[in-house]
1. With Ala86, Ala102, Ala60, Ala42 as the choices, which residue is over 16 Å from the mean Cα position of the chain (by Cα) and outside any loop (DSSP other than H, G, I, E, B)?
2. Among Arg53, Arg119, which is under 14 Å from the mean Cα position of the chain (by Cα) and among the basic types (Lys, Arg)?
3. Could you check, for the range 93-105, whether at least one of its residues is closer than 24 Å to Glu49 by Cα, out of contact with any strand residue (DSSP E or B) (no Cβ under 7 Å at 6 or more places or on another chain), of a type outside the set (Phe, Trp, Tyr) and without any contact (Cβ under 8 Å) to a residue 24 or more places away in the chain?
4. Condition first: more than 19 Å from Tyr41 (Cα to Cα) and part of a helix (DSSP H, G or I). Now tell me which residues in the range 140-155 satisfy that.
5. Of all residues in the range 66-83, how many are more than 19 Å from Ile108 (Cβ to Cβ) and assigned to a helix (DSSP H, G or I)?
6. List every residue pair whose Cβ atoms lie under 8 Å apart, where the two residues are 6 or more positions apart in sequence or sit on different chains, the first residue falls within the range 137-162 and is under 26 Å from Asp20 (Cβ atoms), and the second residue, located anywhere, is in a helix (DSSP H, G or I) and aromatic (Phe, Trp, Tyr).
7. Examine the range 142-154 for a residue that is open to solvent by less than 90 Å² (accessible area, probe 1.4 Å), β-branched (Val, Ile, Thr) and closer than 18 Å to Ile6 by Cα, and state whether such a residue exists.
Amino acid sequence: MPRALIALGGNVGDVRATFDKAIANICGMTQAELIARSPDYATPPWGDEQQDRFVNACVAIETALDPHALLFTLHKIEKRFGRDRANERRWGPRTLDLDLLAYDDAEINRPDLTLPHPRLFERAFVLVPLLDIVPDQMIAGRSLKDALAGLSTAGIERLPDRG
């Protein structure tokens with residue numbers, strides 16, 4: 001089955017509990033198997049910096065859904081957790097953000113879906129947890145480790161394990 005890499009983020013409510021529920025929803029609604037889950041990280045806000053810190057994590061799943069169906073389902077899950085993409089401030093506060101980062105080696109460039117994610121290599125808050133689960137991964141011919149080496153990781157802190 002194809003492997004997908006998904007980033008999770010949020011800064012409203014009990015984000016870590018939301019992640020647990022969202023991952024269960026992802027696996028259930030996509031008939032996916034969870035392959036790996038990164039630790040959670042507290043990260044500085046990106047884009048709009050006048051807001052609370054975020055919590056970020058990444059998961060790897062195997063799913064039979066095609067990339068478009070997977071993205072549609074991720075957006076549906078975000079909505080379940082209170083996200084309203086149509087009426088939110090860009091890079092503003094959110095209960096849950098689910099980004100499809102990569103889907104096997106697929107390269108897609110369409111208005112509704114770009115893979116790999118177009119800002120993947122610009123975001124340390126995604127690369128740090130992603131490297132925890134796929135440390136030797138190459139995406140679109142680029143090393144994730146090399147991409148992270150060119151970015152600042154200031155303010156990114158691994159959170160203690162829960163439970």
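The values are calculated or read from the model by the stated rules, or taken from the named source; none is laboratory data. Note that the structure is a prediction, hence the values are computed from the model and not measured. Using ideal geometry, Cβ is built from the backbone for each residue, glycine included, and neighbour counts are taken over all protein chains shown. Protein only, heavy atoms only, side chains kept; ligands, DNA and RNA dropped before computing areas. Shrake-Rupley method; radii C 1.70, N 1.55, O 1.52, S 1.80 Å.
1. Ala86
2. Answer to the check: Arg119.
3. no
4. Asp146
5. Summing the residues that are more than 19 Å from Ile108 (Cβ to Cβ) and assigned to a helix (DSSP H, G or I) in the range 66-83 gives 5.
6. Taking only residues 6 or more apart or on different chains, the pairs are Ile156/Phe125.
7. No, the range 142-154 contains no residue that is open to solvent by less than 90 Å² (accessible area, probe 1.4 Å), β-branched (Val, Ile, Thr) and closer than 18 Å to Ile6 by Cα.
Here's the yes/no breakdown for (1) part of a loop (DSSP other than H, G, I, E, B); (2) surrounded by 21 or more Cβ atoms within 10 Å (Cβ to Cβ):
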residue: Leu8; (1), (2): no, yes
residue: Ala22; (1), (2): no, yes
residue: Gln51; (1), (2): yes, no
residue: Arg90; (1), (2): yes, no
residue: Ala106; (1), (2): yes, no
residue: Asn109; (1), (2): no, no
